[in-house]
Amino acid sequence: MDSKLTDSTKTLRQGGKAMPILSTLVYCLDNGQVLLMRRNKEPNLGLWVAPGGKVEAGESPYDCAVRELQEETGLQAQKLRFRGLVTEVSPRPDWQWMLVLYVTTDLLGDLNGDQREGEFRWWPLGETHSLSMPQSDRVFFPTVIDFTQPFYEAKYVYNANLDLVEVIEQ
């Protein structure tokens with residue numbers, strides 16, 4: 001079974017169980033629009049997601065979010081708001097994630113996505129309900145971007161087919 005695990009999952013195994021992969025997402029809001037990327041690789045191939053990525057060794061989630069946003073879009077976040085924390089678990093050792101969710105309304109620079117991860121587009125917030133998004137993002141996205149809502153924290157439970165079967169809000 002270990003030969004099928006990704007390198008990052010192998011290094012995060014502890015006590016026979018895979019530790020979650022720590023990652024970030026950054027929702028950029030501007031004039032009633034949100035910046036999303038249609039991924040051109042797994043996970044979430046073909047789905048619209050926020051920019052973000054895995055936290056590297058020695059890096060804080062905040063630092064990761066700033067770095068990933070700049071690398072993927074060319075944009076610099078002047079301030080990020082920590083808006084959510086989601087733990088994703090499944091019976092599969094390669095699907096254990098902890099998502100640190102940020103929102104920014106304060107950006108510098110011009111959108112200059114490198115297209116390695118996918119295609120970027122600004123979407124009117126009123127149109128996002130019709131986009132193909134990951135199951136998890138569809139649940140937390142409306143709350144995370146709404147500053148009148150409290151901080152969002154939840155555990156998302158998936159089955160072996162990676163279908164979202166339970167959301168436990170905390």
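None of the figures in this text is laboratory data; all of them are computed from the coordinates on show. Note that the structure is a prediction, hence the values are computed from the model and not measured. Glycine also receives a Cβ, built like all others from the backbone with ideal geometry; neighbour counts cover every protein chain displayed.
Taking the Cβ of each residue in E68, E169, E42 as the centre, tally the other Cβ atoms inside 10 Å and list the residues starting with the fewest.
Details: E68 22, E169 12, E42 7.
Lowest to highest Cβ neighbour count: E42, E169, E68.
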Of the candidates L29, L85, L125, which one comes out as most mobile in a Gaussian network treatment of the chain with C-alpha springs shorter than 10 Å? L125
Compute the normalised compactness of the chain: alpha-carbon radius of gyration over 2.2 N^0.38 Å, N being the residue count. 1.02
Under a crude label model (7 Å from the Cα following the beta-carbon direction), how far is Y62 from F82 in nanometres? 0.8 nm
Between D106 and K155, how high is the FRET efficiency from 1/(1 + (r/R0)^6) when r is the Cβ-Cβ distance and R₀ = 22 Å? Nearest 0.05. 0.15
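Can you give the helix-only mean residue ellipticity at 222 nm for the chain, where every DSSP H stretch with n ≥ 4 adds -39500 (n - 2.57) and the sum goes over all residues, rounded to the nearest 500 deg cm²/dmol? Provide the component values of the computation, followed by the final result.
Numbers: 3 runs with 29 residues, N = 170.
It lands at -5000 deg cm²/dmol.
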